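First comes the structure, then the notes that go with it.
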Amino acid sequence: MKCAMELMVTATVKAEENARIEAERIRREKEIKRKITVEFCEKLGAQLEDKAQRGVKPEVEFRCDKWGHPLTATTRQYADRRTSYIPDVSSLDLEFLVEWFDKYCFTVSSKEFHFWRYYYGEVPGLIITISPSPACLQ
């Protein structure tokens with residue numbers, strides 16, 4: 001058997017290695033989430049540009065669950081054909097989304113809403129609205 005001092009050194013080295021691995025995993029996940037968020041922001045940006053080209057106020061909104069997964073509406077899941085929502089597999093970094101649109105003089109606001117999700121019933125979510133910032137328009 002090894003002595004306690006040697007085991008403590010081994011445990012400390014292994015704990016530091018585990019902490020480094022976990023920090024790297026979190027960094028990679030955040031990087032992937034930001035990449036997905038930028039792609040989503042660019043799609044919304046294209047919608048804003050299209051609205052402006054048509055002479056409509058450049059404003060868009062989308063729904064997401066409380067974890068930032070964009071939602072898609074459907075009437076196929078419930079027998080009574082009520083509108084329910086299916087979350088996207090990937091989630092968005094909502095704080096980064098706010099920062100991204102702020103650079104382009106857009107305000108991101110959110111309000112809570114409740115939606116039906118098959119198997120879960122009625123659950124809370126967010127309606128995210130992106131509109132021109134009044135401060136930038138002056």
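Worth a mention:
- Across the chain: Cys residues that no other cysteine approaches within a C-beta distance under 4.7 Å: Cys3, Cys41, Cys64
- Taking a ≥ b ≥ c as the square roots of the eigenvalues of the alpha-carbon gyration tensor, the chain is classed oblate because a/c is 1.5 or more while a/b is no larger than b/c.
- Long-range lysine pairs (8 or more apart or interchain), the range 1-116, Cα under 17 Å: 9
- The accessible-area ordering, largest first, of the residues Met1, Met8 stands as Met1, Met8, per a 1.4 angstrom probe.
- The magnitude of the dipole of the range 38-106, with charges of +1 and -1 set on the Cβ of Lys/Arg and Asp/Glu and taken from the Cα centre, is near 460 debye.
- Rounded Å value of the spacing that divides the Cα centres of the range 42-58 and the range 79-138: 17 Å
- Peptides 118-126, 18-26, 81-89 ranked from most to least packed by the mean count of surrounding Cβ atoms within 10 Å: 81-89, 118-126, 18-26.
- Sites matching GluC sites (Glu not before Pro) across the range 59-111 that sit in DSSP coil, with at most 15 neighbouring C-beta atoms within 10 Å: Glu59
- Most mobile of Glu49, Glu31, Glu16 in a GNM of the chain (Cα contacts under 10 Å): Glu16
- FRET efficiency estimate (nearest 0.05) - Cβ-Cβ, Ser131 to Gln53, R0 25 angstrom: 0.90
- Under a model in which nothing but the beta-carbon of Lys, Arg (+1) and Asp, Glu (-1) is charged, the chain shows a dipole of about 320 debye around its Cα centre.
- With a 1.4 Å probe rolled over the protein heavy atoms of all chains, the accessible area of Trp116, Trp100 falls in the order Trp116, Trp100, largest first.
- Cα shape, the range 11-89, gyration tensor, a/c 1.5 rule: oblate
- Between helix 4-53 and the chain: long-axis angle, C-alpha atoms, 0 to 90°, nearest 10: 10 degrees
- Farthest toward positive dipole pole in the range 5-74 [+1 Lys/Arg, -1 Asp/Glu at C-beta], among Ala52, His69, Thr12: Ala52
- Across Arg117, Arg27, the residue with the most accessible area heads the list, and the full order at a 1.4 Å probe is Arg27, Arg117.
- Seen from Glu95, the other residues with C-beta closer than 12 Å to its C-beta sum to a net charge of 0, counting Lys and Arg as +1 and Asp and Glu as -1.
- Amide N of the range 47-81 lying under 14 Å from the label point, which is placed 7 angstrom from the Cα of Glu99 along Cα→Cβ: none
The values are calculated or read from the model by the stated rules, or taken from the named source; none is laboratory data. Everything quoted here is computed from the prediction, not taken from an experiment. Virtual Cβ from ideal backbone geometry, glycine too; neighbours counted across all protein chains shown. We work out accessible area using only protein heavy atoms, side chains counted, and drop any ligands, DNA or RNA first. Shrake-Rupley method; radii C 1.70, N 1.55, O 1.52, S 1.80 Å.
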